[in-house]
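The values are calculated or read from the model by the stated rules, or taken from the named source; none is laboratory data. Note that the structure is a prediction, hence the values are computed from the model and not measured. Neighbour counts run over all protein chains shown; Cβ positions are idealised from the backbone, glycine included. SASA here: full protein model, heavy atoms, side chains in, ligands and nucleic acids out. Shrake-Rupley method; radii C 1.70, N 1.55, O 1.52, S 1.80 Å.
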Amino acid sequence: MGGGSSVTDVTVKIDGHDVTVPEGTLVIRAAEEAGIEIPRFCDHPLLAPVGACRQCLVDIPDAGNGRGFPKPQASCTIPVAEGMVVETQNSTAVKAQHGIMEFLLVNHPLDCPVCDKGGECPLQNQAMSHGQGETRFEGTKRTFPKPINLSPNVLLDRERCIVCQRCTRFAAEIPGDPGIALIQRGAQQQIGIAEDKPFSSYFSGNVIQICPVGALTSDDYRFRARPFDLVSTPSVAEHDACGAAIRIDHRRGKVMRRLAGNDPEVNEEWISDKDRFGFRYAVRDRLTSPMIREDGELRPASWLEAVAVAAAGLAGAGSVGVLPGGRLTLEDAKAYATFARDTLRTPHIDFRARPLSEEETGFLRSRVAGTSLTYADLDAADHVVLAGLEPEDEAGTLFLRLRKANKSGLRITTLSPYASEGSRKLGAEVVLTAPGAEKDALSQVSGVTEASVILVGERMATSPGAYSAAAELADRTGARLAWVPRRAGDRGAVEADLLPGAGGLDAEAMVRAGLDALVVAGVDPDDTADPAAFLAALDQAGFVVSLEQRVTAVTERADVVLPVATASEKAGTFVTWEGRRRPFPKVFDKPAAYSDAEVLGHITAEFALVDAESAEVADESVESSPTTTDSAATATDSTGLRLATWHLMLDNGTLQSGDKALAATARPAFVRIPAALHEKVGDVVTITGDRGSWTLPALPAELADNTVWVPTNSFGRGVWADLASPGSTVTVVSTSSTAEGEQ
């Protein structure tokens, strides 16, 4: 993809002004370059031109060949030509634009006072600037029952629709989810969906934002506020490691909605539904005050008391482990590193709240920290190799950028246990790779050059030798290498070196080591490699301090609970998977909403007052060594099926709770099994691992040999808590045969 022939410039005359633009530029873009406004509805710079609304009609008396067009032309579909003459404001163009506007308003309802788009509506604005002052229409306007649900998130008011097709074009072109389309003909033409099949896309909320009228609205935001009531603050999405720019619209201390920001270098103008709608967690089950455990029960406490108790408990502990989780800003991550190494003087620190390995620890330090690889580098690459990474589910912005690059010619190869729908949308060549076989698969990937990029996901930690194989492939070919985690704070944690120090234990080893005290922040036990062991470690530890936003299984077991600010309640910086720093300002200035760094600072100040003798940290008392999550070590049944799993974008994750419409769009949990096995066991199966059994619907899929796939956290408490240990094998039987065996 990189490189190309030089582009020839052409000069056109628009409203008497000479404008020089690259050959192939659309007339409407050339006018923008000259600062000339042409009204439009269907045109969008990131969508293919279609000329659907006709509002951008202009007069072209000379097409560059001495002859003009006999009637006005849609400027969003006509490329410029040398010597072309364009008139956007002469009597012909103005009459055409006014006529189209009058036509669009014939059946448009005059419900601006109640319409969610009122106050920020392009139709409103352009009806004033390019329309008639009064209507000549005296008939009865067309009406439809309203609204209808295109999905649980997206509602449609059909009489407002001007059939610009922005929504249908976005769905088909950008995420590759063509679930909505134009149906009917003539005056009855309207946006519709297949019968009993809602519009399903992780990016559906973008159609609401780009709709130029109030036809598409959000179930969550509908009738909740007016644009002129809202205060807007730019921010960065906190749900993944992509760093998408967002805009937070709020009123009286409450978030009303979130919109996509415009950042051409990162997310362009698109965000995932998770980034758009997943903000209710910030008010649901929030911790409102510090708490300390007294007589076995947690009771509210003042900040001074809670901080003093935390400092005294940690100072008196012999060995302390710090588990800061993956939600941290860079500033918070640095504070945890300083707190662990300088204040607690412990090497036992690890941010990874998921299955991990010692191999990964070395990889993150040697191949990830301090590196940078951008979305622009992906655009310029000739080949992108994905390993242990499903971008559609784990990195939404990355998925859209890869899909756009693929449509422009980028070759994509993915090493995956099954040929997912996301891989198909990327146009990827799928190399079916069983869990644990990534090392061999990487050594056999072809077509990797110094212009290529290798992207590895965090799931590679459960595949022995995979990270080393990726590094070896990059070294051998000269390709660029990058690590793409799921959580927004993971890359910043690597930069802050929130990894075990010399002689230190990783997160899994800390759980087994029986440490005297634990400091835990933003860790969901069910996400860890062994949830039961994690909860047991909390119960057995002599002292547990929890820095948390919401009530969790950790806070219920903690000795001191210290509430910390959410992303909207503090300023900070997320570091994206690219290594790009994404600073964001504080949205709400709430009293006693302290960042993790501020809380740790208070504990450190109190810590200094504690008797130095009691504050000595006896790391030598820990008799445990880091171990890896190697598949061979935990396999329970050599004749079973290998278990592949990853998190779906929308699942039972902690930061997604509270938004019912968003939760209703999550994809249902299925067991994906080979077609031959599906014929034997049927549509409902029981899958059994070394930690339990699930009974779920089954779907046939194209999988690696002897492999089954389930979503990590879409059912029950998740795979690691309810079903199997990382790297283990499972059995799949027909539910009917299970029932027969129980009789």
Problem set entry | For the range 191-231 versus the range 438-494, the gap between their alpha-carbon centres in whole angstrom | 38
Seminar exercise, completed: Ranking 213, 85 from most to least accessible area with a 1.4 Å probe gives 85, 213
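What relative contact order, as a whole-number percentage, does the range 277-412 give when Cα pairs under 8 Å and 6 or more residues apart are counted? Show your work: numbers first, answer last.
Values: 86 pairs, mean separation 19.1, N = 136.
Value for the range 277-412: 14 percent.
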For this session: Under 1.5 on a/c is rounded, so check that first for the range 158-224, then, if it is not, pick prolate when a/b is larger than b/c and oblate when it is not; a ≥ b ≥ c are the square roots of the alpha carbon gyration tensor eigenvalues.
Result: rounded
Exercise. Can you give the three extents of the C-alpha atoms in the range 133-173 along their principal axes, from longest to shortest, in whole Å?
Worked result: 37, 23, 14
Problem set entry | Positive-end extreme of charge dipole, the chain - chosen from 53, 547, 417 (charges on Cβ) | 53
Exercise. Tell me, what is the Rg over Rh of the range 240-389, with Rh the Kirkwood radius over Cα pairs?
Worked result: 1.04
Seminar exercise, completed: Rounded to whole Å², per residue accessible area for the range 53-196 with a 1.4 Å probe reads 50
Exercise. Looking at the chain, which Cys residues are left with no other cysteine's beta carbon under 4.7 Å from theirs?
Worked result: 56, 76, 112, 115, 121, 161, 167, 211, 242
Seminar exercise, completed: Share of accessible surface on carbon and sulfur in the range 11-91, whole %, 1.4 Å probe and ligands ignored, is 49
For this session: Mind giving me the nanometre distance, one decimal, between the label points for residue 136 and residue 667, set 7 Å out from Cα along Cα→Cβ?
Result: 5.3
Exercise. Roughly how big is the range 390-549's charge dipole about its Cα centre, with Cβ charges of +1 (Lys, Arg) and -1 (Asp, Glu), in debye to the nearest 20?
Worked result: 980
Problem set entry | Per residue accessible area in Å² of the range 419-458, where ligands, DNA and RNA are left out and the probe is 1.4 Å | 40
Seminar exercise, completed: With 0.36 nm assigned to each residue of separation and the Cα-Cα distance removed, residue 371 to residue 144 gains 76.2 nm
Exercise. Which is farthest toward the positive dipole end of the range 169-285 among 244, 211, 271, measuring Cα position about the Cα centre, with Cβ charges +1 (Lys, Arg) and -1 (Asp, Glu)?
Worked result: 211
Exercise. If you average over every viewing direction, what projected area does the convex hull of the Cα atoms of the range 71-133 give, in nm²?
Worked result: 5.7
For this session: Take every DSSP beta bridge with both residues inside the chain and express the antiparallel ones as a percent of the total, to the nearest 5.
Result: 55
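Can you give the charge dipole size of the chain about its Cα centre, rounded to the nearest 20 debye, using +1 on the beta carbon of Lys and Arg and -1 on the beta carbon of Asp and Glu?
Once rounded to the nearest 20, the dipole reads 2820 debye.
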Seminar exercise, completed: Flagged as over-length at 26 Å C-alpha distance, from 117/570; 117/660; 197/680; 95/141, the pairs are 117/570; 197/680
For this session: Grab the Cα-Cα distance for residue 71 and residue 17, subtract it from 0.36 nm times how many residues apart they are, and report the gain in nm with one decimal.
Result: 17.3 nm
Problem set entry | Relative frequency of Cα-Cα separations exceeding 52 Å in the chain, percent | 19
Seminar exercise, completed: Helix 303-315: inclination vs the chain longest Cα principal axis, degrees, rounded to 10, gives 50
Problem set entry | Sequence of 660, 197 from largest to smallest accessible area, 1.4 Å probe | 660, 197
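Arrange the peptides 679-692, 517-530 so that the one whose residues have, on average, the most other Cβ atoms within 10 Å appears first.
Taking the mean over residues of other Cβ atoms within 10 Å, the ranking is 517-530, 679-692.
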For this session: Express the relative contact order of the range 115-253 as a whole percentage, based on alpha carbon pairs under 8 Å and six or more residues apart in sequence.
Result: 27
Seminar exercise, completed: Heads up, the range 372-416 by the C-alpha gyration tensor (a ≥ b ≥ c square roots of eigenvalues; a/c under 1.5 rounded, else a/b over b/c prolate, else oblate) looks rounded
For this session: Can you tell me the dipole magnitude for the range 670-743 around its Cα centre, using point charges on the Cβ only (Lys, Arg +1; Asp, Glu -1), in Debye to the nearest 20?
Result: 200
Seminar exercise, completed: Scoring only Lys, Arg, Asp and Glu (+1, +1, -1, -1) among other residues with Cβ under 10 Å from the Cβ of residue 711 yields 0
Exercise. Where does the chain land at 222 nm, in deg cm²/dmol rounded to the nearest 500, when only DSSP H runs of n ≥ 4 count, each adding -39500 (n - 2.57), divided by all residues?
Worked result: -6500 deg cm²/dmol
Seminar exercise, completed: With N residues in the range 405-496, Rg(alpha-carbon) / (2.2 N^0.38 Å) equals 1.10
Exercise. Once the dipole of the chain is set up with Lys and Arg at +1 and Asp and Glu at -1 on Cβ about the Cα centre, which of 178, 706, 86 lies farthest towards its positive end?
Worked result: 86
Problem set entry | Rounded percent of accessible protein surface that carbon and sulfur make up, the range 244-354, 1.4 Å probe | 51
